[in-house]
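The values are calculated or read from the model by the stated rules, or taken from the named source; none is laboratory data. Computed from a prediction, not measured in an experiment: that's the story for all the values here. A quick note on method: Cβ atoms are made from the backbone with ideal geometry, for glycine too, and the neighbour counts reach across all protein chains shown.
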Amino acid sequence: MINHGLPLTLLNNVEHVIKGKKEKIEIAILCLLAEGHLLIEDPPGVGKTMLAKALALSIGGTFKRIQFTPDLLPSDITGLSVYRPEKGGFEFYPGPIFANVVLADELNRTTPRTQSALLEALDEGKVSLEGKTYSLPRPFFLIATQNPLESHGTYPLPEGQLDRFLVSLSLGYPNEEAEKEVVAMQLVDHPINTLKSVISLEEVIEEQRKVREIKVDPSLLHYAVSIVRKTREIPEANLGVSPRGSISLVRVAQAAAYCQGRDFVLPDDIKRVAPYVLSHRIFLKQTLASNQIAIDVIKEILKEVEVPVKM
(Lines give C-alpha, C1' and ligand atoms only; values in the text may rest on other atoms or scores of the structure.)
Protein backbone atom coordinates (compact mmCIF):
# COMPACT_ATOMS: atom_id res chain seq x y z
CA MET A 1 0.00 0.00 0.00
CA ILE A 2 2.94 2.38 0.69
CA ASN A 3 5.87 2.07 -1.69
CA HIS A 4 6.86 5.63 -2.48
CA GLY A 5 8.79 8.63 -1.14
CA LEU A 6 8.58 10.07 2.34
CA PRO A 7 5.59 7.92 3.40
CA LEU A 8 7.73 4.82 2.79
CA THR A 9 10.58 6.33 4.83
CA LEU A 10 8.12 7.00 7.64
CA LEU A 11 6.72 3.44 7.45
CA ASN A 12 10.16 1.85 7.60
CA ASN A 13 11.10 3.95 10.61
CA VAL A 14 7.97 3.07 12.61
CA GLU A 15 8.51 -0.62 11.80
CA HIS A 16 11.70 -0.50 13.89
CA VAL A 17 9.36 -0.35 16.89
CA ILE A 18 6.07 -1.99 15.80
CA LYS A 19 6.72 -5.49 14.44
CA GLY A 20 4.43 -7.63 12.28
CA LYS A 21 1.80 -4.92 11.76
CA LYS A 22 2.79 -3.34 8.45
CA GLU A 23 -0.73 -2.95 7.05
CA LYS A 24 -2.00 -1.30 10.25
CA ILE A 25 0.95 1.11 10.34
CA GLU A 26 0.24 1.95 6.70
CA ILE A 27 -3.38 2.78 7.51
CA ALA A 28 -2.27 5.01 10.40
CA ILE A 29 0.09 6.87 8.05
CA LEU A 30 -2.68 7.27 5.44
CA CYS A 31 -4.87 8.74 8.18
CA LEU A 32 -2.12 11.23 9.13
CA LEU A 33 -1.54 12.27 5.51
CA ALA A 34 -5.29 12.64 4.92
CA GLU A 35 -5.43 15.06 7.89
CA GLY A 36 -7.73 12.86 9.93
CA HIS A 37 -7.73 11.15 13.31
CA LEU A 38 -7.44 7.49 14.24
CA LEU A 39 -9.55 5.29 16.53
CA ILE A 40 -8.09 2.00 17.83
CA GLU A 41 -10.02 -0.68 19.72
CA ASP A 42 -7.70 -3.23 21.30
CA PRO A 43 -6.84 -5.04 24.52
CA PRO A 44 -3.95 -3.66 26.61
CA GLY A 45 -0.33 -4.24 25.70
CA VAL A 46 -0.48 -4.65 21.91
CA GLY A 47 1.44 -1.48 20.98
CA LYS A 48 -1.06 1.37 20.77
CA THR A 49 1.02 3.80 22.83
CA MET A 50 4.21 2.77 21.04
CA LEU A 51 2.57 3.41 17.65
CA ALA A 52 1.64 6.95 18.71
CA LYS A 53 5.08 7.64 20.18
CA ALA A 54 6.86 6.19 17.15
CA LEU A 55 4.88 8.39 14.76
CA ALA A 56 5.52 11.49 16.88
CA LEU A 57 9.27 10.82 17.06
CA SER A 58 9.46 9.95 13.35
CA ILE A 59 8.01 13.32 12.31
CA GLY A 60 9.95 15.31 14.91
CA GLY A 61 6.73 16.34 16.65
CA THR A 62 5.57 16.79 20.20
CA PHE A 63 3.72 13.94 21.89
CA LYS A 64 1.22 14.00 24.75
CA ARG A 65 -0.74 11.15 26.33
CA ILE A 66 -4.06 11.74 28.07
CA GLN A 67 -5.32 8.93 30.30
CA PHE A 68 -9.11 9.15 30.25
CA THR A 69 -10.77 8.31 33.58
CA PRO A 70 -14.30 8.84 34.95
CA ASP A 71 -13.17 11.90 36.95
CA LEU A 72 -11.35 13.64 34.10
CA LEU A 73 -12.62 17.18 33.38
CA PRO A 74 -12.76 18.99 30.02
CA SER A 75 -10.21 21.52 31.30
CA ASP A 76 -7.79 18.64 31.96
CA ILE A 77 -7.73 18.20 28.18
CA THR A 78 -8.06 21.66 26.71
CA GLY A 79 -6.39 23.75 29.41
CA LEU A 80 -7.73 26.64 31.45
CA SER A 81 -7.43 30.37 32.06
CA VAL A 82 -6.01 31.47 35.40
CA TYR A 83 -6.30 34.99 36.79
CA ARG A 84 -2.89 36.58 37.33
CA PRO A 85 -3.18 39.59 39.69
CA GLU A 86 0.28 40.88 38.76
CA LYS A 87 -0.80 41.08 35.11
CA GLY A 88 -4.32 42.28 35.85
CA GLY A 89 -5.92 39.62 33.69
CA PHE A 90 -6.27 35.97 32.79
CA GLU A 91 -3.50 33.82 31.33
CA PHE A 92 -4.22 30.70 29.30
CA TYR A 93 -2.43 27.50 30.26
CA PRO A 94 -2.74 25.01 27.38
CA GLY A 95 -3.72 21.42 28.12
CA PRO A 96 -2.17 18.26 26.70
CA ILE A 97 -4.33 18.52 23.56
CA PHE A 98 -1.77 21.07 22.33
CA ALA A 99 0.68 18.65 20.73
CA ASN A 100 1.38 17.31 17.24
CA VAL A 101 0.48 13.73 18.17
CA VAL A 102 -1.96 13.15 21.03
CA LEU A 103 -2.84 9.74 22.45
CA ALA A 104 -6.34 9.81 23.98
CA ASP A 105 -6.01 6.58 25.91
CA GLU A 106 -9.18 4.66 26.85
CA LEU A 107 -11.42 7.44 25.58
CA ASN A 108 -14.58 5.51 26.46
CA ARG A 109 -13.59 5.32 30.14
CA THR A 110 -14.58 8.95 30.68
CA THR A 111 -17.97 10.65 30.79
CA PRO A 112 -19.76 11.95 27.67
CA ARG A 113 -19.26 15.55 28.87
CA THR A 114 -15.49 15.12 28.87
CA GLN A 115 -15.52 13.14 25.62
CA SER A 116 -17.29 16.06 23.94
CA ALA A 117 -14.38 18.37 24.81
CA LEU A 118 -12.53 16.78 21.88
CA LEU A 119 -15.12 17.57 19.20
CA GLU A 120 -13.91 21.04 18.23
CA ALA A 121 -10.30 19.86 18.20
CA LEU A 122 -11.20 16.91 15.94
CA ASP A 123 -13.31 19.01 13.58
CA GLU A 124 -11.43 22.28 13.34
CA GLY A 125 -8.01 21.89 14.94
CA LYS A 126 -8.71 24.51 17.59
CA VAL A 127 -9.96 25.00 21.13
CA SER A 128 -12.41 27.70 22.26
CA LEU A 129 -12.38 28.81 25.87
CA GLU A 130 -14.11 31.77 27.50
CA GLY A 131 -14.71 33.58 24.24
CA LYS A 132 -11.21 33.05 22.83
CA THR A 133 -10.02 30.59 20.21
CA TYR A 134 -6.63 28.87 20.35
CA SER A 135 -5.25 27.03 17.31
CA LEU A 136 -3.69 23.62 17.80
CA PRO A 137 -0.23 22.95 16.35
CA ARG A 138 0.09 21.66 12.81
CA PRO A 139 0.11 18.88 11.96
CA PHE A 140 -2.36 17.73 14.62
CA PHE A 141 -2.99 13.99 14.80
CA LEU A 142 -5.12 12.43 17.53
CA ILE A 143 -5.02 8.69 18.15
CA ALA A 144 -7.82 7.56 20.46
CA THR A 145 -8.05 4.11 21.98
CA GLN A 146 -11.15 2.51 23.40
CA ASN A 147 -11.87 -0.67 25.30
CA PRO A 148 -14.38 -3.19 23.96
CA LEU A 149 -17.87 -2.06 24.98
CA GLU A 150 -18.43 -5.11 27.15
CA SER A 151 -15.53 -3.98 29.39
CA HIS A 152 -16.44 -2.76 32.86
CA GLY A 153 -16.91 0.98 33.31
CA THR A 154 -17.13 2.10 29.68
CA TYR A 155 -19.24 4.89 28.17
CA PRO A 156 -20.05 4.14 24.52
CA LEU A 157 -18.89 6.88 22.16
CA PRO A 158 -21.86 8.69 20.57
CA GLU A 159 -22.46 8.26 16.84
CA GLY A 160 -21.52 11.89 16.18
CA GLN A 161 -18.18 11.50 17.90
CA LEU A 162 -17.34 8.22 16.17
CA ASP A 163 -18.07 9.90 12.85
CA ARG A 164 -15.29 12.43 13.54
CA PHE A 165 -12.61 9.74 13.34
CA LEU A 166 -11.35 9.30 9.82
CA VAL A 167 -10.18 5.71 10.29
CA SER A 168 -10.59 2.90 12.82
CA LEU A 169 -8.52 -0.24 13.22
CA SER A 170 -7.38 -2.94 15.62
CA LEU A 171 -3.69 -3.80 15.92
CA GLY A 172 -4.45 -7.20 17.41
CA TYR A 173 -1.93 -9.63 18.85
CA PRO A 174 1.26 -10.22 16.84
CA ASN A 175 1.97 -13.60 15.28
CA GLU A 176 4.44 -15.91 17.02
CA GLU A 177 7.51 -14.83 15.06
CA ALA A 178 6.78 -11.14 15.48
CA GLU A 179 6.18 -11.61 19.22
CA LYS A 180 9.52 -13.39 19.61
CA GLU A 181 11.21 -10.49 17.81
CA VAL A 182 9.47 -7.96 20.06
CA VAL A 183 10.66 -9.78 23.20
CA ALA A 184 14.23 -10.19 21.90
CA MET A 185 14.72 -6.58 20.88
CA GLN A 186 13.59 -5.31 24.30
CA LEU A 187 15.92 -7.45 26.43
CA VAL A 188 18.39 -4.56 26.87
CA ASP A 189 16.45 -1.43 25.91
CA HIS A 190 13.27 -0.42 24.12
CA PRO A 191 13.89 0.60 20.46
CA ILE A 192 11.62 3.63 20.96
CA ASN A 193 14.44 5.19 22.99
CA THR A 194 16.74 5.37 19.97
CA LEU A 195 14.17 6.17 17.28
CA LYS A 196 15.08 9.26 15.25
CA SER A 197 13.10 11.73 13.18
CA VAL A 198 13.07 10.93 9.45
CA ILE A 199 10.63 13.60 8.23
CA SER A 200 10.00 17.14 9.46
CA LEU A 201 6.69 18.67 10.50
CA GLU A 202 6.91 21.01 7.50
CA GLU A 203 7.33 18.02 5.19
CA VAL A 204 4.28 16.33 6.72
CA ILE A 205 2.20 19.45 6.04
CA GLU A 206 3.49 19.52 2.45
CA GLU A 207 2.66 15.82 2.00
CA GLN A 208 -0.86 16.50 3.27
CA ARG A 209 -1.23 19.28 0.71
CA LYS A 210 -0.13 16.96 -2.11
CA VAL A 211 -2.67 14.32 -1.05
CA ARG A 212 -5.49 16.83 -1.53
CA GLU A 213 -4.33 17.39 -5.12
CA ILE A 214 -4.71 13.72 -6.15
CA LYS A 215 -7.26 13.49 -8.97
CA VAL A 216 -10.53 11.65 -8.44
CA ASP A 217 -12.55 10.77 -11.54
CA PRO A 218 -16.31 11.52 -11.33
CA SER A 219 -17.02 7.81 -11.83
CA LEU A 220 -15.02 7.06 -8.67
CA LEU A 221 -16.88 9.71 -6.72
CA HIS A 222 -20.07 7.93 -7.79
CA TYR A 223 -18.54 4.58 -6.76
CA ALA A 224 -17.59 5.84 -3.29
CA VAL A 225 -21.00 7.42 -2.71
CA SER A 226 -22.75 4.24 -3.92
CA ILE A 227 -20.86 2.16 -1.35
CA VAL A 228 -21.82 4.55 1.44
CA ARG A 229 -25.46 4.78 0.39
CA LYS A 230 -25.67 0.98 0.32
CA THR A 231 -24.86 0.94 4.07
CA ARG A 232 -28.13 2.83 4.67
CA GLU A 233 -30.19 0.20 2.87
CA ILE A 234 -29.03 -3.08 4.39
CA PRO A 235 -31.34 -4.77 6.92
CA GLU A 236 -28.49 -5.44 9.41
CA ALA A 237 -28.00 -1.73 10.16
CA ASN A 238 -29.91 0.65 12.41
CA LEU A 239 -27.92 3.56 11.04
CA GLY A 240 -25.83 3.74 7.90
CA VAL A 241 -22.77 5.82 7.09
CA SER A 242 -23.17 9.60 6.88
CA PRO A 243 -22.12 11.88 3.99
CA ARG A 244 -19.03 12.68 6.07
CA GLY A 245 -18.15 9.03 5.53
CA SER A 246 -18.27 9.52 1.74
CA ILE A 247 -15.86 12.44 2.03
CA SER A 248 -13.59 10.44 4.32
CA LEU A 249 -13.56 7.43 1.99
CA VAL A 250 -12.40 9.54 -0.94
CA ARG A 251 -9.83 11.42 1.16
CA VAL A 252 -8.16 8.25 2.43
CA ALA A 253 -8.24 6.77 -1.09
CA GLN A 254 -6.38 9.88 -2.27
CA ALA A 255 -3.73 9.24 0.39
CA ALA A 256 -3.47 5.59 -0.68
CA ALA A 257 -2.96 6.61 -4.32
CA TYR A 258 -0.35 9.21 -3.37
CA CYS A 259 1.59 6.70 -1.28
CA GLN A 260 1.86 4.48 -4.35
CA GLY A 261 3.29 7.28 -6.46
CA ARG A 262 0.13 7.98 -8.48
CA ASP A 263 -1.61 11.30 -9.01
CA PHE A 264 -5.02 9.67 -9.49
CA VAL A 265 -7.28 7.31 -7.53
CA LEU A 266 -8.15 3.79 -8.71
CA PRO A 267 -11.14 1.67 -7.63
CA ASP A 268 -8.75 -0.60 -5.74
CA ASP A 269 -7.71 2.33 -3.53
CA ILE A 270 -11.31 2.80 -2.44
CA LYS A 271 -11.89 -0.93 -1.93
CA ARG A 272 -8.69 -1.31 0.10
CA VAL A 273 -9.41 1.45 2.59
CA ALA A 274 -13.22 1.18 2.82
CA PRO A 275 -13.33 -1.30 5.76
CA TYR A 276 -11.07 0.97 7.83
CA VAL A 277 -12.97 4.14 6.96
CA LEU A 278 -16.56 2.88 7.21
CA SER A 279 -16.75 0.08 9.79
CA HIS A 280 -16.98 2.38 12.85
CA ARG A 281 -19.63 4.54 11.15
CA ILE A 282 -22.20 1.80 10.59
CA PHE A 283 -24.38 0.89 13.58
CA LEU A 284 -25.68 -2.65 13.46
CA LYS A 285 -28.87 -4.00 15.03
CA GLN A 286 -26.95 -6.86 16.63
CA THR A 287 -26.34 -6.10 20.31
CA LEU A 288 -22.66 -5.44 21.08
CA ALA A 289 -21.71 -6.19 17.50
CA SER A 290 -17.93 -6.24 17.17
CA ASN A 291 -15.99 -4.07 14.76
CA GLN A 292 -15.04 -7.23 12.86
CA ILE A 293 -18.72 -7.92 12.13
CA ALA A 294 -19.05 -4.38 10.75
CA ILE A 295 -15.95 -4.95 8.61
CA ASP A 296 -17.48 -8.13 7.21
CA VAL A 297 -20.66 -6.20 6.34
CA ILE A 298 -18.61 -3.58 4.48
CA LYS A 299 -16.75 -6.29 2.56
CA GLU A 300 -20.05 -7.81 1.46
CA ILE A 301 -21.23 -4.41 0.26
CA LEU A 302 -18.02 -4.01 -1.76
CA LYS A 303 -18.87 -7.25 -3.57
CA GLU A 304 -22.33 -5.95 -4.45
CA VAL A 305 -21.56 -2.42 -5.68
CA GLU A 306 -20.54 -2.29 -9.33
CA VAL A 307 -16.97 -1.16 -9.91
CA PRO A 308 -16.54 1.51 -12.61
CA VAL A 309 -14.74 0.15 -15.68
CA LYS A 310 -14.02 3.35 -17.62
CA MET A 311 -12.57 6.45 -16.03
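The table below lists the values:
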| quantity | calculated |
| --- | --- |
| Extreme residue, nearest to Asp123 (Cα to Cα), among residues of region 146-185 that are β-branched (Val, Ile, Thr) and modelled with pLDDT of 80 or more | Val167 |
| Checklist (1) in a loop (DSSP other than H, G, I, E, B); (2) at pLDDT below 90 applied to Pro137, failing item | (2) |
| Among (1) charged (D, E, K, R); (2) modelled with pLDDT under 95; (3) loosely packed, with under 14 Cβ neighbours inside 10 Å, the one test that Glu236 misses | (3) |
| Residue that is modelled with the highest pLDDT, among those in region 89-132 that are surrounded by 13 or more Cβ atoms within 10 Å (Cβ to Cβ), among the small types (Gly, Ala, Ser) and more than 17 Å from Gln161 (Cα to Cα) | Ala99 |
| Search result, residues across region 4-45 that are hydrophobic (A, V, I, L, M, F, W, C), buried (at least 17 other Cβ atoms within 10 Å of the Cβ) and assigned to a helix (DSSP H, G or I) | Leu6, Leu10, Leu11, Val14, Ile25, Ile27, Ala28, Ile29, Leu30, Cys31, Leu32, Leu33 |
| Residues located in region 183-221, provided they are more than 22 Å from Thr9 (Cβ to Cβ) and surrounded by 13 or more Cβ atoms within 10 Å (Cβ to Cβ) | Val216, Asp217, Ser219, Leu220, Leu221 |
| Which listed residue is of a type in the set (Asp, Glu), more than 19 Å from the chain's Cα centre (by Cα), modelled with pLDDT of 90 or more and closer than 15 Å to Ile29 by Cα, from Glu300, Glu203, Glu207, Glu213 | Glu203 |
| When residues of region 230-261 are limited to those that are touching a Leu at 6+ places or on another chain (Cβ under 8 Å), hydroxyl-bearing (Ser, Thr, Tyr) and part of a helix (DSSP H, G or I), the one farthest from Asn3 (Cα to Cα) | Ser248 |
| Single residue of region 56-88 satisfying the filter (β-branched (Val, Ile, Thr) and in a loop (DSSP other than H, G, I, E, B)) that is modelled with the lowest pLDDT | Thr69 |
| In region 53-76, residue surrounded by the most Cβ atoms within 10 Å (Cβ to Cβ) [restricted to those that are aliphatic (A, V, I, L, M) and within 22 Å of Tyr155 (Cα to Cα)] | Ile66 |
| Residues of region 13-39 classified as in contact (Cβ under 8 Å) with a residue 60 or more places away in the chain and either under 28 Å from Glu213 (Cα atoms) or among the small types (Gly, Ala, Ser) (or both), total | 17 |
| Any chance Ile143 is more than 17 Å from Pro74 (Cβ to Cβ) and of a type outside the set (D, E, K, R) | yes |
| Options Ile227, Ile293; residue that is part of a helix (DSSP H, G or I), modelled with pLDDT under 95 and outside the structural domain of Pro43 (by TED's automatic domain parsing) | Ile293 |
| Which listed residue is assigned to a helix (DSSP H, G or I), surrounded by fewer than 24 Cβ atoms within 10 Å (Cβ to Cβ) and touching a residue at least 24 places away in the same chain (Cβ under 8 Å), from Met1, Met50 | Met50 |
